[in-house]
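The values are calculated or read from the model by the stated rules, or taken from the named source; none is laboratory data. Every value quoted in this text rests on a predicted model; they were computed, and no experiment measured them. With ideal geometry, Cβ positions are generated from the backbone for all residues, glycine too; neighbour counts draw on all protein chains shown.
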Amino acid sequence: MSYDVITIGAGPAGYVAAIRCAQLGLKTACIDDWRDRDGLPVPGGTCLNAGCIPSKALLESSELYEKLHRSGHYHGIAVSGAELDVPAMMESKDAIVRDLTTGIATLFKANGVEWIAGRGQLQPDCQVKVTPHNGETTVIKAEHVILAPGSMPVEIDAAPLHEDIIVDSSGALAWDSVPERLGIIGAGVIGLELGSVWRRLGADVTLLEAQDVFLALADKQIARTGLRLFKQQGLDIRLGALVKSTQVTDGVVTLEYQDADGTHSLEFDRLIVAVGRRPCTDGLASEEAELLLDEGGFVHVDEDCSTNLPGVYAIGDAVRGPMLAHKGSEEGIAVAERIAGQTAEVNYDAIASVIYTQPEIAWVGKTEEALRGSGTEFTSGLFPFAASGRARAMQETEGMVKVLSDTASDRILGVHIIGAHASELIAQAVIAMEFGGSSEDIARTVFAHPTLSEALHEAALDVGGRAIHVARTRR
Ligand code: FAD
Ligand code: AMP
């Protein structure tokens, strides 16, 4: 069988690339080996099946549960009889995932993408060996191959996975009861989101983070605020805590970690290992194909996602750059358009990062620390949500918006938000940066009142020292 394009992987990078190729009139096949719990093939990759979507579904459910319990204190609504049904919550999450993965299968059909359930391996000359879930191994060929195999959780010797007691992120999205004492190794994005879910549902959560710095990639001021708020909520976050060993005895995990004060021992009922992800490139290409990998096993690509092999591209988590669904999808679209002879580019400087805690954290562009490090002259504007009428009405007053702009040109270099709905607010900053906007552009834009978005407006005004709703500007 011969195609214009074959994609290996049907996560947000591969399935989006396949659909865009088909839209552009290219005969396209998409191979994916993911199976659901019943062993049935499902498209969508990590994002839909064990990542973005199930985690956001549980974050939403658990937040609702917590709000029901808190609302009597601050909105004047006393709720009694609200009960937690974890298996029902998991079923609701599974139904959301099912709807979305079915939707992708429908999109494949509607666009004429041939979906092949099985494992793909790149061979020389854009050939792909397909080992289907059922049936015989075949070799198919294309003019172009897009590799989008994604990533998998990193495992560490100090904490081997053990039944449903020591689990990775996938396991922690499927528990049907709330652990009393939950440990999490790694206080990164995934550790914090999963920790938030289970804390809201009643677990006593301890996060052990090897680094001394909390959220090293985020703006320091935002990370500091986040750490304070998460600790206030009851997350026991221990920094500089390197986990050395774990042992499971009679269903209880005994964990040893080391910090500046020495070695400590803790006991947990369950433990999540959330120490990062690594590319799924083992066996992705045969030796004869001579696909070049970087250190860490990422597929080597240039800025256009071309690999060292003619006609072969790689996108998503398996290549350099942030491991984010939207980054992979945009790479998929750009590669499809380049294959079709169009010009396309991904602006890696305007890719937002989001942490879906409460409050949410979101940012795009450079942090204050990065700008200082590169000697860039910048001006910052800041606005606290405590001064926002809408945030007050919502009783979600924690956090701030911070705008960093180039002192000479006023071009926006970075926007950092911690606060309610930061994941939605950040899109406005992404658009402004994508258009090469200045803080003055945002300052002169009329924002609806009362909205959380006004905090971005005020932070932009504050760059010029003229925010209206704060008594003095803070720098
Ligand atoms: P994947 O989604 O991993 O898909 C790759 C697919 O390829 C898989 O189906 C895999 O089985 C298949 N495959 C691999 N090798 C082969 C092969 N040889 N043959 C056939 N098939 C193969 N990102 C965000 O942007 N926002 C979030 O909120 C977010 N939350 C997350 C929460 C969790 C708990 C986790 C774990 C991740 C989260 N991510 C989030 C990250 C996001 O899931 C990934 O960045 C995204 O899924 C990467 O897309 P991808 O297409 O590159 O790979
Ligand atoms: P992320 O890469 O955002 O998913 O975060 C994973 C975090 O896990 C990183 O901040 C690592 O420093 C942390 N980490 C990795 N190994 C260990 C370990 N053995 N003990 C504690 N934290 C760890």
So, first residue under 18 Å from P54 (Cα atoms) in segment 162-185, second residue part of a loop (DSSP other than H, G, I, E, B) and hydrophobic (A, V, I, L, M, F, W, C), Cβ within less than 7 Å, six or more apart or across chains; the pairs are D164/W175; V167/L161; D168/L161; S169/A274; V178/L201; V178/A203
From the option list A158, A148, single residue qualifying as among the hydrophobic types (A, V, I, L, M, F, W, C) and touching a helix residue (DSSP H, G or I) at 6+ places or on another chain (Cβ under 9 Å) is A148
Elements of type strands (runs of 3 or more DSSP E) in segment 104-197, at least 2 residues being within 16 Å of ligand 2 (Cβ to nearest atom) and under 25 Å from F214 (Cβ atoms) = 151-153, 181-185
Tell me, which residue of segment 330-369 that is small (G, A, S) and within 23 Å of G195 (Cβ to Cβ) is farthest from ligand 1 (Cβ to nearest atom)?
-> A362
Condition test on T225, is it β-branched (V, I, T) and within 14 Å of ligand 2 (Cβ to nearest atom)?
-> no
List, please: which pairs have Cβ atoms under 6 Å, are six or more places apart or on different chains, and start with a residue in segment 208-229 that is closer than 19 Å to L266 by Cβ and end with one that is within 16 Å of ligand 1 (Cβ to nearest atom) and at pLDDT 95 or above?
-> L208/I185; E209/A187
If G332 passes every condition in (1) part of a strand (DSSP E or B); (2) assigned by TED's automatic domain parsing to the domain that holds V16 but one, which one does it miss?
-> (1)
Output the residues belonging to segment 202-224 that are surrounded by fewer than 22 Cβ atoms within 10 Å (Cβ to Cβ), within 16 Å of ligand 1 (Cβ to nearest atom) and more than 29 Å from V415 (Cα to Cα).
-> none
Any idea which residue in segment 149-171 is nearest to A18 (Cα to Cα), counting only those that are surrounded by fewer than 18 Cβ atoms within 10 Å (Cβ to Cβ) and of a type outside the set (A, V, I, L, M)?
-> S170
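May I ask you to verify whether I146 is buried (at least 22 other Cβ atoms within 10 Å of the Cβ), in the same structural domain as D32 (by TED's automatic domain parsing) and over 23 Å from H69 (Cα atoms)? Outline the logic, then answer.
Details: buried (at least 22 other Cβ atoms within 10 Å of the Cβ): yes; in the same structural domain as D32 (by TED's automatic domain parsing): yes; over 23 Å from H69 (Cα atoms): yes.
The answer is yes for I146.
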Sole residue being farther than 20 Å from L201 by Cβ, of a type outside the set (D, E, K, R) and in a strand (DSSP E or B), chosen from C21, C30 | C30
Hits in segment 237-248 - residues which are surrounded by 15 or more Cβ atoms within 10 Å (Cβ to Cβ) and away from ligand 2 (no atom under 14 Å from the Cβ) | V248
Within segment 253-279, considering residues that are more than 16 Å from ligand 2 (Cβ to nearest atom) and surrounded by 13 or more Cβ atoms within 10 Å (Cβ to Cβ), the one nearest to A158 (Cα to Cα) = R270
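Pick out the one residue from G25, G44, G51, G11 that is assigned by TED's automatic domain parsing to the domain that holds G341, surrounded by fewer than 17 Cβ atoms within 10 Å (Cβ to Cβ) and under 30 Å from Y313 (Cβ atoms).
From the options G25, G44, G51, G11, the qualifying one is G25.
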Does P279 meet the test of being under 22 Å from D125 (Cβ atoms) and at pLDDT 95 or above?
-> no
Buried (at least 24 other Cβ atoms within 10 Å of the Cβ) and either out of contact with any Phe, Trp or Tyr (no Cβ under 7 Å at 6 or more places or on another chain) or farther than 21 Å from L371 by Cα (or both): does that describe V463?
-> yes
Going through segment 37-65 one residue at a time, which ones are hydroxyl-bearing (S, T, Y) and within 9 Å of ligand 1 (Cβ to nearest atom)?
-> T46, S55
Could you tell me whether any residue of segment 283-292 is free of Cβ contacts under 8 Å to residues at least 12 places away in the same chain and within 16 Å of ligand 1 (Cβ to nearest atom)?
-> yes
Within segment 319-340, the residues that are within 17 Å of T281 (Cα to Cα) and either in contact with a His (Cβ under 9 Å, 6 or more places away or on another chain) or more than 16 Å from ligand 2 (Cβ to nearest atom) (or both) are V319, R320, G328
